Amino acid sequence: MNDYPLQSPQSLSLSLPDATSTCTAQNDVELVAASVAGDQDAFAQLVQRHQRRVFNLVFRMVQKYEEADEITQETFLAAWQGLPSFRGDARFSTWLYRIAYNCSLKQLEQSKRDKALQAAIQSRIELDKQVQAEAHDCQTLVREQLSTLPAKYRVVLILRHLQEMTYEEIAEILTMPIGTIKTHLFRARNLLKERLEAFERELNTRTRG
Amino acid sequence: MHCSKAAIQLQLYLDHQLSLDQIRALETHLSSCPTCRQELLLLEKINTALQVIEPVVEPPDLTENIMQRVTLSPRQCCEYTYGLFPPSLLEIVTVVVLATITMLGIILVQPSLRGTLPHANQHDLLSTAFITSAHLLGSVSSSTLIWILWVIGTLLGVAITLALAGKEIRSSWFRGMLNQLPV
């Protein structure tokens, strides 16, 4: 799976804004309060602050740039409409990522693409195995295999590594007990590990051969 | 330590989720087990590979598109707020039962209030059970009694609140409680 190319030179040093820091969370509270009261400028600031993280979460889930664009828009629209019911017992970012995750899941279920995509990628991998074994390094392999994992395993890896969240934050976003998060992370990494092992074995055989 | 246990702990180790004692035990095992060291190496490779995945740039007009849709779509907050109330019939019945139990408990420990209960026939089952339990409570020392009542009262209070709070809050409360338990 090819990533969307980074378009501008500035984006080469691209980073995700730290939406989990206390400072941002504090500013969020004020902007959320203003947004609840109907202040669209305040909401626009919230959008700008969180859109990259939300977009990246959604993009890694649905794996299509155009769909990620649409779902990110839907996520923020749902957030705007649901803001009056946001009770503030979780951080705004946590609540927002929960909406984004649910929207992504809905999309995946609707199109049933998750399975089809896995099958497609699997068959492609079978076909291109030889080429891949020579051309791709560990990082590319892990990134490609990430996209073939079941959605529930993929999301914990995305949140843990791409969005650098703690177990507690992940549990809150996915509304699952921490024990389940641990189990899912364990299984997700184990799946990646198995595939990496197979890849390395093959590489060794090839080198010796 | 067995390798099977170490395999489970390796990921928690990399995520800084182990206690100091567990880290020590695991590191001791690692120093003597090449298989688990190899496992750790692989997991580290995977973590590094995941960590360096570059964020993707969102479309340049994303904010604009979002705000356009925000402007065009009115909020439907009121429907949602009404959706939370009233509580379902089952929840109301639960609350009524729990509140009745609480009331009976209060009357039971207040001798002056016991007279208000309609137990004209002293021989029916309910009155007998009621009086027996009142006597039983009277025989316990007062400090123990206060503790028992305090605990029961708290539990009933929590149960009533949860019954009224609705399904969503109830489930998140239970999840919160579960997370507090040592895993």
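The values are calculated or read from the model by the stated rules, or taken from the named source; none is laboratory data. Small disclaimer: the values here were computed from a predicted structure and weren't measured. So basically every Cβ, Gly included, is an ideal-geometry build from the backbone, and we count neighbours across all protein chains shown.
Listing for the model above:
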| read-out | value |
| --- | --- |
| Matching residues in region A:137-150 - criterion: being crowded, with 16+ Cβ neighbours inside 10 Å and away from every other protein chain (no Cβ under 11 Å) | A:THR148, A:LEU149 |
| Answer residue from region A:192-203, given it is at the interface with chain B (Cβ under 10 Å from one of its Cβ atoms) and of a type outside the set (Asp, Glu) and is surrounded by the fewest Cβ atoms within 10 Å (Cβ to Cβ) among those | A:ARG195 |
| Filtered residue count, region A:58-77, keeping only those that are over 15 Å from B:LEU62 (Cα atoms) and either touching an Asp or Glu at 6+ places or on another chain (Cβ under 8 Å) or not basic (Lys, Arg) (or both) | 3 |
| Enumeration of residues in region A:34-62 that are crowded, with 18+ Cβ neighbours inside 10 Å, of a type in the set (A, V, I, L, M) and free of Cβ contacts under 8 Å to residues at least 40 places away in the same chain | A:ALA44, A:VAL47 |
| Number of the exception - A:LYS152 against (1) within 22 Å of B:VAL56 (Cα to Cα); (2) at pLDDT below 90 | (2) |
| Which listed residue is touching an Asp or Glu at 6+ places or on another chain (Cβ under 8 Å) and within 7 Å of another protein chain (Cβ to nearest Cβ), from B:LEU42, B:LEU14, B:LEU50, B:LEU10 | B:LEU42 |
| Failed item, numbered, when A:MET176 is tested on (1) over 15 Å from the mean Cα position of the chain (by Cα); (2) in a helix (DSSP H, G or I) | (2) |
| Which numbered condition A:GLN163 misses (of (1) farther than 23 Å from A:PHE92 by Cβ; (2) surrounded by 16 or more Cβ atoms within 10 Å (Cβ to Cβ)) | (1) |
| Filtered residues of region B:17-39 (kept if more than 11 Å from chain A (Cβ to nearest Cβ), outside any loop (DSSP other than H, G, I, E, B) and buried (at least 16 other Cβ atoms within 10 Å of the Cβ)) | B:ALA25, B:LEU26, B:HIS29, B:LEU30, B:CYS36 |
